Amino acid sequence: MLPPSLDELIAAAHPVRVVNEVIESLNLELLEKAYKGGGTSSYHPRMLLKILVYGYLTNTYSSRKLEAATKENIHFMWLAAMGQPDHNTINSFRGKRLADALKNIFTQVVELLVEEGVLSIKDINVDGTKIEANCQPLHFCLRQCHQDQ
């Protein structure tokens, strides 16, 4: 008998799977260009982005807490494929590498949500007007999108 894999321990409809699917479907060419190559091996930017996005989804913002989560939380361990980037790596990725590609990544995510019918961009106006809205949290939308598939 073999022990269960992390994949077997995570429910099929868990939001961590949605984050994984969404990040896997993105074109991260712009983000990957931020890495020069050579030198010591680094963690793949796609994996670091998954950790960061799932961390924000679960209200985990601190790079030290994200580092700890990759060692203690099965969801983060699964996303990181058992990699354990330290807090300096996570912070450097967030502050330096991700900065130039963030707008492109965000645009791709919004387009994906529109394609899936989770989000409509027909009536969005940005002029500083504050209007009460009936919005559902993004993790609910992502979970709903995943369940509809």
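The values are calculated or read from the model by the stated rules, or taken from the named source; none is laboratory data. Computed from a predicted structure; not experimentally measured. We place every Cβ from the backbone using ideal geometry, glycine too, and count neighbours over all the protein chains shown. Quick note on the areas: whole protein, heavy atoms, side chains included, nothing else; ligands and nucleic acids left out. Shrake-Rupley method; radii C 1.70, N 1.55, O 1.52, S 1.80 Å.
Taking Glu21 as the residue in question, decide whether it is in a helix (DSSP H, G or I) and more than 14 Å from the chain's Cα centre (by Cα). So Glu21 does not fit the description; no. Of everything in region 46-75 that is of a type in the set (A, V, I, L, M, F, W, C) and free of Cβ contacts under 8 Å to residues at least 24 places away in the same chain, the residue that is farthest from Ile23 (Cα to Cα) is Ala68. Looking across region 24-34 at every residue that is of a type outside the set (A, V, I, L, M, F, W, C) and open to solvent by 80 Å² or more (accessible area, probe 1.4 Å), the one that is nearest to Asn91 (Cα to Cα) is identified as Lys33. Sub-8 Å Cβ pairs linking a first residue in region 76-103 that is on the phi > 0 side of the Ramachandran plot to a second residue that is of a type in the set (Lys, Arg) and in a helix (DSSP H, G or I), at least 6 apart or interchain, number zero.
Per-residue answers, yes or no, for (1) surrounded by 14 or more Cβ atoms within 10 Å (Cβ to Cβ); (2) touching a helix residue (DSSP H, G or I) at 6+ places or on another chain (Cβ under 7 Å); (3) not charged (D, E, K, R):
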site: Val16; (1), (2), (3): yes, yes, yes
site: Val22; (1), (2), (3): yes, yes, yes
site: Lys36; (1), (2), (3): no, no, no
site: Val53; (1), (2), (3): yes, yes, yes
site: Thr60; (1), (2), (3): yes, yes, yes
site: Glu67; (1), (2), (3): yes, yes, no
site: His87; (1), (2), (3): yes, yes, yes
site: Gly95; (1), (2), (3): no, no, yes
site: Gly117; (1), (2), (3): no, no, yes
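Screening region 38-51 for residues that are part of a helix (DSSP H, G or I) and either touching a Pro at 6+ places or on another chain (Cβ under 6 Å) or basic (Lys, Arg) (or both) and picking the one that is most open to solvent (accessible area, probe 1.4 Å) gives Arg46.
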